[in-house]
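Input: a single structure, listed below in C-alpha cells.
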Amino acid sequence: MGNIPLAQVFLNDEIRQAVAGVIESGQYILGRECRAFEEELSAYTGTRHTVLSSSWTASMLLLLQSMELKPGDEVIVPSHTAFPTVEPIIHAGAKPVFVDVDETYCLDPRLLEAAVGPRTIGIMPVHLYGQPADLDGIQAVAQRHGLWVIEDCAQAQGAAHRGRKVGSVGLAGGFSFYPSKNLTVLGDGGCICTDDDGLAEAVRMLRNHGRKSKFTHEKVGYNLRFNEIQAAAGRVALRYLDELNAHRREVAARYRARLQGLVDLPVERPWAEPVYHMHVIRTPRRDALADHLKAQGIASGIHYPVANHQQPAITALYPDLPALPNTEAWVDQILSLPIHGQMALEDVDRVCDAIESFLG
Ligand SMILES: Cc1ncc(COP(=O)(O)O)c(C=O)c1O
C-alpha cells in the first residue's frame, strides 16, 4: 500500500504540451497566454477584469496599495487564516482588526458590528478551506457602515455563494495558484478579479513598474508580473477545475458518510457551494490521531496551528489583542485530511478505516 499525500498538483499531457508550445514561442512575460488566461478567469469568475500577478500576496499588496489606505485605517479580518492574509493589510499601512470565526471557520458576521470603529475602512473575509464565508451577513454590515469588502479566495477557486462565484461579490477577490491550491500553474501565481475599471487599471500599472506605456511611468511600481509558461499551464487547468472541484465534493461526501459521529465534520451552509480546498475535521485527540495516521502512511496537516493574532510578528506590533475563543480553542483540535481533485475513493476509505480504528 502506497502513502496517501495530503494534496496533489493536477498535471496532464495537455499541460505539458501547452508549456512546450510557450517554450518555443520566444515570449515569456505578460503576452498572449497571460491575456487569454485573464479573460478566461474573468469569464469563469463573472467579473469584468482579472489582473494576474506573481502570487495572491503580491496581487493583494498591489490592490490595497492602489487604494491608498491611510495610517491608522483599520481592516477587519479573521485571525484563523493563512498568515499571508494579514500581510498586505499591514504593508499597505492599515491595522488588522481580528474577529473570531463561526463553525464554518469563516468570519462570524454576528461579531462584525462590534468590531467596526471610526477608522474601519473595509472587511476582508476569507473563504477558508474552500467554504464560502457568509457574504450576505458581511455585506449587510459593510453597507450599513460604508465599508468595502475584499474577498480572500486563495483557497476557494470555483466556490459559490448563492450561485455567484466567490471573488465576484465584494469590491474585488484575490486568488492564489500556489501548488496545493484548487487551480495551479506549476509555481507561484495569483490574481485579483474585480468589476472596478479603475482598480484593475491601477493594479495592472503597479505590477509592471507603474507603466502607463512603455516609457511612461505614472506610478512608482514593482515587477510583480506573470509568466507565459504558467499562464499556459493555468489555462489548461482552468478547463478541468469544475471537474476536479466536483470530485473534491465527492471525497468530502465520502468522509461525511464514514466519519459522522466520530469527529466534528465541516459545516455546509444551504447557500454555499464549497470546493473543499481542505477537508478539516476536529477532535480533542488531534495530535495522537495525526501520529496514528502517519504510522499508516497517511499524511495530514494543521491549518493553522498558531492563530495570527498570537503570532510573534503581530503581537510585536499590536500587544494586548482581545481573545478569540473559537479560534483559540480550535487551533488545538483541527486536522486536515488528505483531499485533492483526483483522490481515489479507496484511499478515502483507507483514511476512514484508520480514523475509525483509532477513535471508533
Ligand atoms: C487563505 C490564504 N490567503 C492568502 C494566501 C497567500 O497566497 P500566495 O501564496 O499565493 O501569496 C494563502 C496561501 O497560502 C491562503 O491560503
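The values are calculated or read from the model by the stated rules, or taken from the named source; none is laboratory data. Keep in mind that this is a model prediction, so the values were computed, not measured. So basically every Cβ, Gly included, is an ideal-geometry build from the backbone, and we count neighbours across all protein chains shown.
Structure notes:
- All positions within the range 213-242 that are out of contact with any helix residue (DSSP H, G or I) (no Cβ under 7 Å at 6 or more places or on another chain) and within 9 Å of E33 (Cβ to Cβ): N227, Q230
- The residues on offer are S42, S53, and the sole one that is more than 25 Å from A316 (Cβ to Cβ), within 16 Å of the ligand (Cβ to nearest atom) and at pLDDT 95 or above is S53.
- Filter result for A323 (under 15 Å from P96 (Cα atoms), at pLDDT 95 or above and surrounded by fewer than 16 Cβ atoms within 10 Å (Cβ to Cβ)): yes
- Filtered residues of the range 130-178 (kept if of a type in the set (K, R) and outside any loop (DSSP other than H, G, I, E, B)): R144, R164, K165
- The range 184-219, residues that are surrounded by fewer than 23 Cβ atoms within 10 Å (Cβ to Cβ), within 15 Å of the ligand (Cβ to nearest atom) and of a type in the set (A, V, I, L, M): L186
- Here L107 fits the description: under 15 Å from T85 (Cβ atoms) and either surrounded by 24 or more Cβ atoms within 10 Å (Cβ to Cβ) or away from the ligand (no atom under 16 Å from the Cβ) (or both).
- Scanning the range 273-288 for residues that are touching a strand residue (DSSP E or B) at 6+ places or on another chain (Cβ under 6 Å), touching a residue at least 60 places away in the same chain (Cβ under 8 Å) and surrounded by fewer than 20 Cβ atoms within 10 Å (Cβ to Cβ) gives a single hit, T283.
- Scan the range 10-32 for residues that are within 24 Å of the chain's Cα centre (by Cα), closer than 12 Å to A233 by Cα and either assigned to a loop (DSSP other than H, G, I, E, B) or without any contact (Cβ under 8 Å) to a residue 60 or more places away in the chain (or both) and the total you get is 3.
- Pairs linking a residue in the range 83-112 that is of a type in the set (D, E) and modelled with pLDDT of 95 or more to a residue that is buried (at least 22 other Cβ atoms within 10 Å of the Cβ) and assigned to a helix (DSSP H, G or I), with Cβ atoms under 7 Å and 6 or more positions apart or on different chains, are E87/T57; D100/T327.
- A92, sole failed condition from (1) away from the ligand (no atom under 15 Å from the Cβ); (2) buried (at least 19 other Cβ atoms within 10 Å of the Cβ): (1)
- Summed over the range 220-235, residues that are in contact (Cβ under 8 Å) with a residue 40 or more places away in the chain and surrounded by fewer than 20 Cβ atoms within 10 Å (Cβ to Cβ) total 2.
- From V331, V263, residue being surrounded by 17 or more Cβ atoms within 10 Å (Cβ to Cβ), more than 26 Å from T184 (Cα to Cα) and out of contact with any strand residue (DSSP E or B) (no Cβ under 7 Å at 6 or more places or on another chain): V331
- Condition check for R258: in contact (Cβ under 8 Å) with a residue 60 or more places away in the chain, surrounded by 15 or more Cβ atoms within 10 Å (Cβ to Cβ) and in contact with a Cys (Cβ under 9 Å, 6 or more places away or on another chain): yes
- Selection count where residues are within 16 Å of the chain's Cα centre (by Cα) and among the hydrophobic types (A, V, I, L, M, F, W, C), scope the range 137-170: 9
- Among the conditions (1) touching a residue at least 24 places away in the same chain (Cβ under 8 Å); (2) more than 16 Å from the ligand (Cβ to nearest atom); (3) not β-branched (V, I, T), the only one that G170 does not satisfy is (2).
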